[in-house]
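The values are calculated or read from the model by the stated rules, or taken from the named source; none is laboratory data. This one's a predicted model, so the numbers in the text were calculated from it and none came from an experiment. FYI the Cβ positions are ideal-geometry reconstructions off the backbone, even for glycines, and counts take in every protein chain you see.
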Amino acid sequence: MKQHLSAAIALITVTVSLQSVASASGWSRGLTVTSLEENNVGGEVVKLTVGEIVDNSGHCTNATGYAIRDSVTLRGSLALLTSALIAGKTVDLFVTGTCDATGMPNVIGVILH
């Protein structure tokens, strides 16, 4: 009985740990912006694609790129991303681990290099 209880506790611990990793947020660094789109899909949103693999830690239905919707950072992020696209510079994106209404991973921060 103790072996079964220990095994069950170990399985629960591993499952909880994996779920925490799967929905982690953080910086994706050194990304090359390949396209930008700004439109109104349930509110103003900037969608972008990159030349690297998309961080889809939130298991979003559309992992073809990222979405930025935060009205506080939207215009500044669009300016930085446009500069990166035109100048061929890389960016770092802060991915929240959640999904936007577009089905893409949410981004709330941009750093231009």
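Quick one: in segment 86-104, which of the residues that are closer than 19 Å to SER57 by Cα and charged (D, E, K, R) is surrounded by the fewest Cβ atoms within 10 Å (Cβ to Cβ)? Can you show your working first?
Of the residues in segment 86-104, the ones closer than 19 Å to SER57 by Cα are 91-104.
Now restrict to residues that are charged (D, E, K, R): 92, 100.
Details: ASP92: 14, ASP100: 22.
Among residues in segment 86-104 that are closer than 19 Å to SER57 by Cα and charged (D, E, K, R), the one surrounded by the fewest Cβ atoms within 10 Å (Cβ to Cβ) is ASP92.
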Inset, instruction - Would you check if there is a residue in segment 56-68 being exposed (fewer than 15 other Cβ atoms within 10 Å of the Cβ) and modelled with pLDDT under 95? - result: no
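Among strands (runs of 3 or more DSSP E) lying entirely in segment 37-113, which contain 3 or more residues that are under 16 Å from SER25 (Cβ atoms)? So that I can check it myself, show each step before the final result.
Values: elements: 44-50, 66-68, 90-99, 105-112.
Of the strands (runs of 3 or more DSSP E) lying wholly inside segment 37-113, those with at least 3 residues that are under 16 Å from SER25 (Cβ atoms) span 66-68, 90-99, 105-112.
Test ALA24 against the stated conditions and say whether it is among the aliphatic types (A, V, I, L, M), modelled with pLDDT of 95 or more, out of contact with any helix residue (DSSP H, G or I) (no Cβ under 7 Å at 6 or more places or on another chain) and not in a helix (DSSP H, G or I). Please lay out each step first, then the result.
Values: among the aliphatic types (A, V, I, L, M): yes; modelled with pLDDT of 95 or more: no; out of contact with any helix residue (DSSP H, G or I) (no Cβ under 7 Å at 6 or more places or on another chain): yes; not in a helix (DSSP H, G or I): yes.
When the stated conditions are applied, ALA24 does not pass them.
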